[in-house]
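Data block below; observations after.
Just so it is clear, none of the values below were taken in a lab; they were calculated from the coordinates. This is a predicted model, so every value here is computed, not measured. Backbone-built Cβ (ideal geometry, glycine too); neighbour counts: all protein chains shown.
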Amino acid sequence: MKKYWIIILLLPLFVGCSSSRKVTRVDESQQIDLSGRWNDTDSRLVAEEMIGDALSRVWLANFRENKNRNPVLIVGLIKNKTSEHISTETFIKDIEREFINSGKIKVVQSSEARDELRNERADQQDFASAESVKKWGLEKGADFMLQGTINSITDAYNKEKIVYYQTDLELSDLESNEKVWIGSKKIKKVVKN
């Protein structure tokens, strides 16, 4: 009899643990906000809008007029100053993609990626055929560096909160340290529970 009581008491635990989770694939450009936090849509939209703005400003026309070529750019550090975990690497890739796909900017690798490329080039010096070995000293140097921050402010009361994000980017001439473009994008989200 005691066994039956134990089974009856444990049965709701097993039934309660069964999950009816359903996973559905959706288009990656579909906007889905579950938590109100920074997400893939925010990253993509901010990158598209800010790079669109950067490409429409006078610094680009001035550079092309003076140098008669497209500028070379490196995306530097973009600091997450929010209280959330934000993958700035994903945001940086969104930015690089927008610049490259515009056809108006050339983008060079980050310092970490350059180290990996240089290691490969060093290996080629010893192990690749003479016809296929890549030479030293032919890397493109960047003309400009893009740096920035992502900040947030959260205000909450009862079951409602507002999350405000501000992304600030600055483009600097690497030779003169002159800031040639500053962009800012703001996003405000209302989250009701």
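What to note about this one:
- Only listed residue being within 30 Å of residue 189 (Cβ to Cβ) and among the polar types (S, T, N, Q), chosen from 147, 124, 109: 147
- Filter result for residue 185 (surrounded by 15 or more Cβ atoms within 10 Å (Cβ to Cβ), within 24 Å of residue 81 (Cβ to Cβ) and of a type in the set (D, E, K, R)): yes
- Residue that is surrounded by the fewest Cβ atoms within 10 Å (Cβ to Cβ), among those in region 91-123 that are hydroxyl-bearing (Ser, Thr, Tyr) and closer than 19 Å to residue 139 by Cα: 111
- Test: residue in region 125-145 that is closer than 22 Å to residue 87 by Cβ, surrounded by 14 or more Cβ atoms within 10 Å (Cβ to Cβ) and not small (Gly, Ala, Ser): yes
- Conditions (1) in a strand (DSSP E or B); (2) loosely packed, with under 12 Cβ neighbours inside 10 Å: number failed by residue 177: (1)
- Each residue in region 20-71 was checked for being of a type in the set (S, T, N, Q), surrounded by 15 or more Cβ atoms within 10 Å (Cβ to Cβ), part of a loop (DSSP other than H, G, I, E, B) and in contact (Cβ under 8 Å) with a residue 24 or more places away in the chain, and 1 pass.
- The one condition in (1) under 16 Å from the mean Cα position of the chain (by Cα); (2) hydroxyl-bearing (Ser, Thr, Tyr); (3) within 23 Å of residue 69 (Cβ to Cβ) that residue 165 fails to fulfil: (3)
- Scanning region 86-131 for residues that are part of a loop (DSSP other than H, G, I, E, B), over 22 Å from residue 72 (Cα atoms) and either among the polar types (S, T, N, Q) or in contact with a strand residue (DSSP E or B) (Cβ under 6 Å, 6 or more places away or on another chain) (or both) yields 86, 87, 129.
- Of all residue pairs spaced 6 or more apart or on separate chains, those with beta-carbon atoms under 6 Å, a first member in region 182-193 that is more than 23 Å from residue 48 (Cα to Cα) and a second member that is acidic (Asp, Glu) are 192/160.
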